[in-house]
Amino acid sequence: MSLLDVRHALMTRATTASPGAAIPTEKTWFENKRHMMNGVEAPPPTDSLWYRIVWIPGPNPNMDGIGYGAKVRHTGIMQINVCDGRAGTDGGGMGDIPVSTEAQRIQDCFKPGLQLSYNGQGVTVTSCGRTGGLYDETGAYVVAVRVYWVADVTN
């Protein structure tokens, strides 16, 4: 059991269908992976919504014991940026409605108290919320959904 299992549990919830968020991986850029199409790095689309998922484990885990089998409490954030790169960065004349609607849909998949598991490792969503919209370096309009989590990992 490890933090990688925690990450996988949260990512799986984000990218799989109901009750997950069903974020399409072909339109997702991860923080540690360039998005490739046919062996070539692909830029984000300019004609539809796309996503950037960033995994941010907390800096200071807390020990609740010592020795074999002791638990270490980790906290962190998984941030899902919902991006709209359409011409004019206004969602095709719809303002922030497409991005805000999608961000709300994703937020609804990560209710506080939700317990997930992967490879025997549990993780609990402690809260989930959205930021206000802004424009990123690509010119896309972005609303971030932040999933705050806690997990006790065996030492």
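Each reported figure results from applying straightforward, stated rules to the coordinates on display, with no laboratory input. The model shown is predicted, which means the values in this text are computed figures rather than measured ones. Note: ideal-geometry Cβ built from the backbone for every residue, glycine included; neighbour counts use all protein chains shown.
Calculate, for Ile97 and Glu41, the FRET efficiency according to 1/(1 + (r/R0)^6) with r their C-beta to C-beta distance and R0 30 Å; round to the nearest 0.05.
0.50
With a point put 7 Å past each Cα toward its Cβ, work out how far Ser18 is from Thr126 in nm, to one decimal.
3.2 nm
Which ordering of Leu49, Leu114, Leu10 is given by a fewest-first count of other beta-carbon atoms within 10 Å?
Leu114, Leu49, Leu10
Once label points are set 7 Å from the Cα along Cα→Cβ at both Arg105 and Leu134, what is their separation, rounded to one decimal in nm?
It works out to 2.5 nm between the two label points.
How do Phe110, Phe30 rank when sorted from fewest to most other Cβ atoms within 10 Å of their own Cβ?
Placing the least packed residue first, the sequence is Phe30, Phe110.
As a footprinting exposure proxy, order Met78, Met11, Met63 by other Cβ within 10 Å, with the fewest listed first.
Listed from fewest to most nearby Cβ atoms, that is Met63, Met11, Met78.
Going 7 Å from the Cα of Val150 in the Cα-to-Cβ direction, what parts of segment 101-116 have a backbone nitrogen less than 20 Å from that spot?
Under cut-off, by backbone N: 110-116.
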